[in-house]
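FYI, it's all coordinate maths here, none of it is from the lab. This is a predicted model, so every value here is computed, not measured.
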Amino acid sequence: MSFNERHHAYISATFYRFLKEMNYPNYQRAFKSAVQKMAEQRGARMAQRAIRDGLEVLDYNVYRHYGEWDWTCDFLDSNKGEKILEVIDSDLDYGYIVYKCPWADVYQELGLALDGGESYCSDLDPSIVRGFNPALEYRTTQTLQTCETCVQYQVNGNTKNGLDLGPRKTSNMKDFDYHCGHVFKTFSEYMTSIYQYKGVLLNTRVLESFCEKFGQEMTAVLISYLKTDFNSV
């Protein structure tokens, strides 16, 4: 089995589940901060690649071009014939209506949609954008955790303004083993920093839960990414 969106969602959701079950002090704020940090790191990597390629203006056309991920075949195959999302491209904004989302599915399956899931999904994309260029504005007006659709807007991000960079560069795309390693490492570091030895215990419980569900081979891959610097490209 290859890593996909559900593995990524399971890692963050399991951090939230154990934070909540073990009643860690101020756990909701700790979780939200870890989500924001992870997302800002991804946005910063996107910006670094764009700057390295000689782009001086970091607008939404550049943001979309330098995205690091796309839906996996696992997700697309499991939703064949179903509408996943719809693009909103107005005179000013560029947005999405999302009908299907594996992150929403996993949080809902674990009974965490109304708290951990809503926190994760409402903060993730605005934080990626903030890491890419804090001058840009991103709005998540509703999520699949609490509504029938997820609605997101890149404010003043319509495709008619800025450079037309064409399709995303495949060399900038990362497989989901990388993204899963990223979420586990960043969350682990954050929890250790906040809760010290109790944070280490939390990280271990998350890893054990992942291993029980997905096996030792995938867990070993996850551990291998603890050596990766996710702040740079």
So what's the back-of-envelope 222 nm ellipticity for the chain, counting only DSSP H runs of four-plus at -39500 (n - 2.57) apiece and dividing by all residues, rounded to 500?
-17500 deg cm²/dmol
Extension gain from residue 178 to residue 92, taking 0.36 nm per residue of separation minus the Cα-Cα distance
27.6 nm
How tilted is helix 5-21 with respect to the longest principal axis of the chain? Cα atoms for both, answer in degrees (0 to 90, nearest 10).
50 degrees
A chain fully extended from residue 224 to residue 77 at 0.36 nm per residue, minus the present Cα-Cα distance, gains in nm 50.1 nm
Expressed as an acute angle from 0 to 90° and rounded to the nearest 10, what is the orientation of the C-alpha long axis of helix 176-195 relative to the principal long axis of the chain?
60 degrees
For the chain, averaging the sequence separation of alpha carbon pairs under 8 Å that lie six or more residues apart and dividing by its residue count, the contact order in percent is 31 percent
How many percent of the alpha carbon pairs in the chain exceed a separation of 27 Å?
33 percent
Across all directions of projection, what mean area in square nanometres is found for the Cα convex hull of segment 1-123?
9.9 nm²
How far is helix 197-214 tilted off the main Cα axis of the chain, in degrees rounded to 10, range 0 to 90?
80 degrees
